[in-house]
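The values are calculated or read from the model by the stated rules, or taken from the named source; none is laboratory data. In this text the structure is predicted, and so the values were computed from the model without any measurement. Neighbour counts run over all protein chains shown; Cβ positions are idealised from the backbone, glycine included. Only protein heavy atoms, including side chains, enter the accessible area calculation; ligands, DNA and RNA are left aside. Shrake-Rupley method; radii C 1.70, N 1.55, O 1.52, S 1.80 Å.
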Amino acid sequence: MAASLYFIGGGNMVTAIIEAVRRKQDSYAVDSLYVEEVSQERRDYLHEAFDVQAADSTSTPKADIVVIGVRPQDDVAGVVRSVSERFDPAHTTVISIVAGYTIAQIEQNLGDGFKLARIIPNTLTTTDYGFSGVALNGHATAEDVEDFLRTFGKPLYVQERLIDVITGFYPPNLVYHFIDAYVDAGVLAGLPRDIAKAIALDTLIGGTEFLKQKDVLPQVLLNINNSPGGVGITQAYTLNKNGFAAAIQSAVLAAVERTTALGSEAK
């Protein structure tokens, strides 16, 4: 039976999810899509691009899934209370994609009885890549959300304490920063930018696929490639000397700390 989906907030992540859902229509049938969004321009875009129906804070459609997709600095508590007043826990599963906002915080205003999942989707939603950490409350099971979540990534069911860690760890920004620096390195060495970009992307994708094929830790392949006095070990020495690993690790830890802080700042 086709699903009815209701989104509160129509920002970039919700838009990416809706796009992914529409692409997977053959495997996950959707009868109706609704969105509450303050921007008329965004509502018009979602309607024209994905046949999404505009809704507001008084709308009460019979939704199978309600996705809370507002920002942490918005009135999250008020939004949750509104959901509890307008939807039926016997029929509706609630999914929150609000960064840093815990299941306990949500349940304070949602009340008892709702099936609830907390998820921070990976931004690689339209590529069929990207793990999303998922935590469930006591009423929900993976069966309640699995089909929907698989339209826009790979759900990874974890204890809630790991959600913020995964959220800080997985954004592809680190990859973009690395590729940007890698391409610039090629240009610095004398390559035209288009050639440097082509080589960088091919090397990154090929290296990742090879690592997956071998199913080993990266250190194993590094040990093979780093011959005595060779190019590989020279690169490794230079990266270590300039704090490459520490910079990556510091960036991830800072992102995790910021994700956790967003929850304490939420209204």
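For ARG150, only one of the following conditions fails: (1) under 17 Å from VAL80 (Cα atoms); (2) open to solvent by 70 Å² or more (accessible area, probe 1.4 Å). What is its number?
If we test ARG150 against (1) under 17 Å from VAL80 (Cα atoms); (2) open to solvent by 70 Å² or more (accessible area, probe 1.4 Å), just (1) comes out false.
Taking the residues in the stretch 2-47 that are part of a loop (DSSP other than H, G, I, E, B) and touching a strand residue (DSSP E or B) at 6+ places or on another chain (Cβ under 8 Å) as candidates, determine which candidate is modelled with the lowest pLDDT.
Our first condition is that a residue be part of a loop (DSSP other than H, G, I, E, B); within the stretch 2-47, this holds for 2, 9-11, 24-29, 37-39.
The next check asks that each one be touching a strand residue (DSSP E or B) at 6+ places or on another chain (Cβ under 8 Å); those that pass are 2, 9-10, 28-29, 37.
On the way: ALA2: 83, GLY9: 94, GLY10: 92, TYR28: 92, ALA29: 92, GLU37: 94.
Among residues in the stretch 2-47 that are part of a loop (DSSP other than H, G, I, E, B) and touching a strand residue (DSSP E or B) at 6+ places or on another chain (Cβ under 8 Å), the one modelled with the lowest pLDDT is ALA2.
On the basis of being of a type in the set (Val, Ile, Thr), open to solvent by 10 Å² or more (accessible area, probe 1.4 Å) and either assigned to a helix (DSSP H, G or I) or modelled with pLDDT under 95 (or both), does VAL80 make the cut?
Taking the combined requirement at face value, the residue does not satisfy it.
Being on the phi > 0 side of the Ramachandran plot and open to solvent by 60 Å² or more (accessible area, probe 1.4 Å) is the filter here; which residues of the stretch 103-146 pass it? Let's see the steps before the verdict.
We begin by selecting, within the stretch 103-146, every residue on the phi > 0 side of the Ramachandran plot; these are 111, 113, 128, 130.
Result: ASP128, single match.
Do you know which residues across the stretch 48-58 are in a loop (DSSP other than H, G, I, E, B) and either in contact with a Pro (Cβ under 7 Å, 6 or more places away or on another chain) or not hydroxyl-bearing (Ser, Thr, Tyr) (or both)?
Within the stretch 48-58, the first condition is being in a loop (DSSP other than H, G, I, E, B), and the residues that meet it are 51-52, 56-58.
Once the filter is applied, which keeps residues that are in a loop (DSSP other than H, G, I, E, B) and either in contact with a Pro (Cβ under 7 Å, 6 or more places away or on another chain) or not hydroxyl-bearing (Ser, Thr, Tyr) (or both), the stretch 48-58 yields ASP51, VAL52, ASP56.
Does the stretch 103-121 hold any residues that are closer than 30 Å to TYR176 by Cα and touching a Pro at 6+ places or on another chain (Cβ under 8 Å), and which are they? Give the derivation first.
Step one: filter the stretch 103-121 for residues closer than 30 Å to TYR176 by Cα, giving 117-121.
Scanning the stretch 103-121 gives a single hit, ILE119.
Looking only at the stretch 60-73, which residues are over 19 Å from ILE18 (Cα atoms) and either crowded, with 17+ Cβ neighbours inside 10 Å or without any contact (Cβ under 8 Å) to a residue 12 or more places away in the chain (or both)? Walk me through how you get there before you give the answer.
The initial filter retains those residues of the stretch 60-73 that are over 19 Å from ILE18 (Cα atoms), namely 60, 72-73.
PRO72, the sole residue that qualifies.
Cβ contacts < 6 Å: first residue without any contact (Cβ under 8 Å) to a residue 60 or more places away in the chain and outside any loop (DSSP other than H, G, I, E, B), restricted to the stretch 122-139; second residue polar (S, T, N, Q) and crowded, with 20+ Cβ neighbours inside 10 Å, any location; separation 6+ or different chain. Result?
Close Cβ pairs (under 6 Å, with a partner that is polar (S, T, N, Q) and crowded, with 20+ Cβ neighbours inside 10 Å) amount to SER132/ASN122.
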